[in-house]
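Some notes on the structure that comes next.
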């Protein structure tokens, strides 16, 4: 099915507009048909790994016969994998395509706004993709000391939040019910993304775990000296990561509900499934 779709797309892309005017402005109907086929292609590739997806899309973009169609196809695919993905870790596809086609100058974004958004996406996502080593950054403790995060040697959960964020407050109420059931060693890093010391202190008083397997670390960086926003892609809150003992990121931008499933599989490796 994937190869059939690819053949259809390539045939469609090979059709050049007949008039001089249409050579400058791609026919809207042709592009609409092309976009419809791309949606089917995304679905056909959904179960493939990121390397296969990247290879298929690189081949597809390279198959475009004119620069405007190549630009349209590349930007539509990048938009899908940077803004509308539903499979965890697919941001890696967008980063790989951005580096090959946009950063290299082979394909120009359609306007300055699109260029800025793609540049920001790449900058704020390339350091913390699933499968990568979690960036080690130094943050401040409540008492003023400094701490390296994640320390390593134990499974880690990293929770970036803001006290003014409604979803953060909701997740912080649900989180203890999940964390208190963990039966393996866990470091939980609650990283406050705000700057109000009083609000942070009030939050810490109410956010605690009753689990001896879990060590809770309250940290912040009001001056952003650690560059945590870029290193972990914290363009908004909440942001939730899971990191294995060896530093590998196995979950990013998670929902609280995802934690139970991830903890189940981690628990199996410890002989204590959740």
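Where a number appears in this text, it was derived from the coordinates with a stated rule and is not lab data. The structure presented is a predicted model; accordingly, all values stated were derived computationally and were not measured. Glycine also receives a Cβ, built like all others from the backbone with ideal geometry; neighbour counts cover every protein chain displayed.
Here are a few things to note about the model shown:
- Given (1) touching a helix residue (DSSP H, G or I) at 6+ places or on another chain (Cβ under 9 Å); (2) more than 27 Å from residue 91 (Cβ to Cβ); (3) buried (at least 17 other Cβ atoms within 10 Å of the Cβ), number of the condition residue 181 does not satisfy: (3)
- Failed item in (1) closer than 16 Å to residue 254 by Cβ; (2) surrounded by 15 or more Cβ atoms within 10 Å (Cβ to Cβ), with residue 96 passing the rest: (1)
Residues are listed down the side, and each one gets a yes or a no for (1) in contact (Cβ under 8 Å) with a residue 24 or more places away in the chain; (2) under 28 Å from residue 82 (Cα atoms):
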{"position": "196", "(1), (2)": "yes, no"}
{"position": "199", "(1), (2)": "yes, no"}
{"position": "203", "(1), (2)": "yes, no"}
{"position": "227", "(1), (2)": "yes, yes"}
{"position": "235", "(1), (2)": "yes, yes"}
{"position": "242", "(1), (2)": "yes, yes"}
{"position": "262", "(1), (2)": "no, yes"}
{"position": "267", "(1), (2)": "yes, no"}
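- Residue match in segment 237-255 (condition: surrounded by fewer than 17 Cβ atoms within 10 Å (Cβ to Cβ) and either part of a helix (DSSP H, G or I) or more than 23 Å from the chain's Cα centre (by Cα) (or both)): no
- Of all the listed residues (160, 121), the sole one being surrounded by 14 or more Cβ atoms within 10 Å (Cβ to Cβ), more than 19 Å from residue 213 (Cβ to Cβ) and out of contact with any strand residue (DSSP E or B) (no Cβ under 9 Å at 6 or more places or on another chain) is 121.
- Residues being buried (at least 20 other Cβ atoms within 10 Å of the Cβ) and closer than 15 Å to residue 94 by Cα - total across segment 57-70: 3
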